[in-house]
Structures are given as C-alpha cells and as structure tokens.
Amino acid sequence: MIPDWEAERRRMVEEQLRNRGIRDERVLSAMNGIPREGFVPLEARLAAYFDEPIPIGCRQTVSQPYMTALMAQSLELGGTETVLEVGAGSGYHAAVLGTLAACVISVEIIPALAELARRNLARAGLDRNVTVVCGDGSRGHPDLAPYDAISVAAAAPKIPAALLDQLNDPGRLVIPVGERGEHELRVVWKRRGRIEHRVATLCRFVPLRLPRS
Ligand code: SAH
C-alpha cells in the first residue's frame, strides 16, 4: 500500500515541528509542501517522516526534520535573500531554503552527493532558484558573495573565516560547532560590523571536511 504522504507530512509538521516550538509559519508551510520522501533513498522511504536522521549514502545523513526546521527558522528569511548552504547532501534542506528565499547556492564536496541533490531537486521541481555546486564549502563560494544568510549542514571545530567574510552585513549564519561527539548549534549575526552569537541547541552532525593546512 502506498502511504498517504500528505497526511504523514502534516503529522510531522504538527507533532515534530509546531509542538516543539517551531513558530515561523513560512518554515512550517515550506516543510508541509516539500515531498521529503523524494529526497531519501528508496529503501528508507517509509521512514521519510520519522523523527530521526536518515542515511543517504557516502556515510552522510539527512538531518531529522526538526533540526532542518530549527536551522531554517533561525535564519529569519523573508523571501528576498541570497543564501549559501554548505553540504547539499540529499538536497532536502536546500529545497526548504529555496522555498523561503530568493536564491540558494548549495556547495557539496562529494561529487556523487552533488549529483544526487541536483537530481532530487529537479525531480521535485524545486531547482528553479537552487544551484548545487561541487566543491569545498568551508571556503564558501566567493563568486556570489556576500550572502544574506549562510546555513552549514556539517560540524566544524570553529566557524570557517571565509564564511564570516562572505556573510553580508546585516546577515545571519547557522552552524554546528564543536569537536567530535556533541556540537552546539550556533546562530551568528553580523550587524554594523559586529558579530554576535547565540547557542540554539545541542546537536550532533557529520563533520565538515576542512582543507589540510
Ligand atoms: N543538508 C543535507 C544534509 C547533508 S549532511 C540534506 O538536507 O540532506 C552534510 C553534508 O555536508 C554531506 O553531504 C557532506 O558530504 C557535506 N560536506 C562535508 N564537508 C563539506 C565541505 N567542506 N564542503 C561542502 N560539503 C561538505
């Protein structure tokens, strides 16, 4: 029997997002509209709306829906922004950001996943304003900088300087920070030349690959 994806999606939005404090109606509506089952591997499809991360190949995972929502909400997008995502993975988070902003560039370091993200976004018809670039996103993507918002989907011991440089003023950045194990999800504002931080929650992410120095 084919699951009722729309009903599963609605339930995810109410139980996992709204009930846990996601308040941005644009985020709730974006996640209510995007077919997450089209972004996870076939064999994991029945788990597409479960409250957990899902393996997508190459030892990477797509985050649990709540984490995607929290990260997107913390960027306070209004619809006019240019957004940089680091770590396209399945393309799901990029699809959410593309629904909330004017334009998204998502940089993915693993070629097979960059291709997967492009395919998933195109199949869902959500590639109009989302471009997936294969490369090292810890260096940002200078060609289109500055970015009004930056969303990093992998954890680093500290915030890569290139990303802070490429953040617009005013601008917002969300990134998991820490060593292996537990990370802090940090929300960073750049305002009138100053940088401020807040910790949104504790979390666990795959590591951001960094260039050897
Ligand atoms: N946002 C994704 C989740 C991806 S998991 C989704 O919705 O599915 C984190 C991703 O970051 C992985 O695909 C990993 O390959 C990628 N990554 C890790 N280090 C990177 C780097 N330096 N530059 C770009 N992508 C990187």
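At least 1 residues being open to solvent by 10 Å² or more (accessible area, probe 1.4 Å), under 24 Å from I159 (Cα atoms) and more than 12 Å from the ligand (Cβ to nearest atom) is the threshold, and among the strands (runs of 3 or more DSSP E) wholly inside the range 5-108 those reaching it are 82-86, 103-108. Based on what the data block shows, is V132 within 11 Å of the ligand (Cβ to nearest atom), closer than 25 Å to L167 by Cα, open to solvent by less than 40 Å² (accessible area, probe 1.4 Å) and among the aliphatic types (A, V, I, L, M)? So V132 passes the test. Annotation note: of R172, R192, the sole residue that is basic (K, R) and either free of Cβ contacts under 8 Å to residues at least 60 places away in the same chain or within 14 Å of the ligand (Cβ to nearest atom) (or both) is R192. Taken residue by residue, the range 135-148 has no member that is aliphatic (A, V, I, L, M) and within 20 Å of P65 (Cβ to Cβ).
Scanning the range 128-144 for residues that are in contact (Cβ under 8 Å) with a residue 24 or more places away in the chain and outside any strand (DSSP E or B) turns up R128, N129, G135, D136, G137, S138, R139, G140, H141, P142, L144.
For the range 156-163, does any single residue satisfy the condition of being assigned to a helix (DSSP H, G or I), within 23 Å of V188 (Cβ to Cβ), open to solvent by 10 Å² or more (accessible area, probe 1.4 Å) and free of Cβ contacts under 8 Å to residues at least 24 places away in the same chain? Yes. Return a yes/no flag: does the range 136-152 have any residue that is modelled with pLDDT under 95, more than 30 Å from P35 (Cα to Cα), charged (D, E, K, R) and within 14 Å of the ligand (Cβ to nearest atom). No. For the range 195-213, taking the residues that are without any contact (Cβ under 8 Å) to a residue 12 or more places away in the chain and open to solvent by 90 Å² or more (accessible area, probe 1.4 Å), the one that is farthest from the ligand (Cβ to nearest atom) is identified as H197.
The values are calculated or read from the model by the stated rules, or taken from the named source; none is laboratory data. In this text, all values refer to a predicted model and were calculated from it rather than measured experimentally. For neighbour counting, all protein chains shown are included, and Cβ atoms are generated from backbone atoms with ideal geometry for every residue, glycine included. When the accessible area is computed, the model is the full protein with side chains, heavy atoms only, and any ligands, DNA or RNA have been set aside. Shrake-Rupley method; radii C 1.70, N 1.55, O 1.52, S 1.80 Å.
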